[in-house]
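Novice: Here it is: the structure, laid out below.
The values are calculated or read from the model by the stated rules, or taken from the named source; none is laboratory data. Computed from a predicted model, the values in this text were never measured in an experiment. Here the Cβ positions follow ideal geometry from the backbone for every residue, glycine too, while neighbour counts run over all protein chains shown.
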Amino acid sequence: MDNYFYIKDNCRKGFIKYLENVCSTIPKINNSNILDIGCGTGVPTLWLADNLSGIITAIDTDKESINFLQQKIYHNDLQNRVKVLCTSFLDYKCDFDHFDIILAEGLLNIIGFEAGFEKAITMLKKSGYFIIHDDYRGHNKKCKFINENNCIIINTLYLDETIWWEDYYRQLEIEIDNIADTKTYDLFKSDMEEIEYYKTDPSHFRSIYYVIKKI
């Protein structure tokens, strides 16, 4: 399973430059409390640890992904800065107004934008920042919802289908084609189906980052 995660992580790093871009619009916060929801194997989590100060809480429901992230945390000697929890965000409990920054890379597309947003905002401090990477569909509706919930959008970054191919799927396809081990290759069945779906209709692969400030 580790080989599967190594390959996925290597491809996932193609998107880090976009996270770096949107985070550059957030002012420096010393000793911040950061929440990464739907962290997976933690490629963005470790970037946050390398580039922002403070303590990071990373949560996800996938136990194997969390275990792999935990290995990387120990390898990078980040045990005192990154806390990992295997739990659903909708079940996760913490104090109101606790976090300075919350990151949601794709999670709201899974649990529901409005439900996930409303829960996250209760955990965010006033003047805190919520970074969302989400499906572009429903963009205008999402903007209206954000503005109606005591928040303002301070930045957006649109990723079209060509970016998804150039910075992720093309490399993933190459990596899969080079796998010699049958067991590892079989783990990529759903990824191969996703690549074929992309080739059939790339227009479904458009996303957007929102950088939101709670007011």
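Novice: Filter region 111-134 for residues that are acidic (D, E) and surrounded by 20 or more Cβ atoms within 10 Å (Cβ to Cβ) and give the result.
Specialist: Result: D134, single match.
Novice: All but one of (1) farther than 18 Å from G14 by Cα; (2) surrounded by 13 or more Cβ atoms within 10 Å (Cβ to Cβ); (3) among the hydrophobic types (A, V, I, L, M, F, W, C) hold for I152, so report the exception by its number.
Specialist: Going through (1) farther than 18 Å from G14 by Cα; (2) surrounded by 13 or more Cβ atoms within 10 Å (Cβ to Cβ); (3) among the hydrophobic types (A, V, I, L, M, F, W, C) one by one, I152 breaks only (2).
Novice: Okay, next question. Could you check G106 against (1) without any contact (Cβ under 8 Å) to a residue 60 or more places away in the chain; (2) under 15 Å from the mean Cα position of the chain (by Cα) and say which number it fails?
Specialist: Unmet for G106, out of (1) without any contact (Cβ under 8 Å) to a residue 60 or more places away in the chain; (2) under 15 Å from the mean Cα position of the chain (by Cα): (1).
Novice: Sort out which residues of region 161-193 are surrounded by fewer than 15 Cβ atoms within 10 Å (Cβ to Cβ) and under 20 Å from the mean Cα position of the chain (by Cα), and write them in order of number.
Specialist: T162, E166, S190
Novice: Listed residues L48, L19, L69; which is surrounded by 18 or more Cβ atoms within 10 Å (Cβ to Cβ), touching a residue at least 12 places away in the same chain (Cβ under 8 Å), over 27 Å from I174 (Cβ atoms) and within 14 Å of the chain's Cα centre (by Cα)? I'd like the intermediate steps shown before the answer.
Specialist: Details: L19 fails: over 27 Å from I174 (Cβ atoms); L69 fails: over 27 Å from I174 (Cβ atoms).
When all the criteria are applied, what remains is L48.
Novice: Taking region 180-199 as the search range and keeping residues that are modelled with pLDDT of 95 or more and not in a helix (DSSP H, G or I), which one is nearest to G14 (Cα to Cα)?
Specialist: F188
Novice: Now, a different point. Does Y74 satisfy being surrounded by fewer than 13 Cβ atoms within 10 Å (Cβ to Cβ) and under 30 Å from K199 (Cβ atoms)?
Specialist: Working: surrounded by fewer than 13 Cβ atoms within 10 Å (Cβ to Cβ): yes; under 30 Å from K199 (Cβ atoms): no.
No: the conditions fail for Y74.
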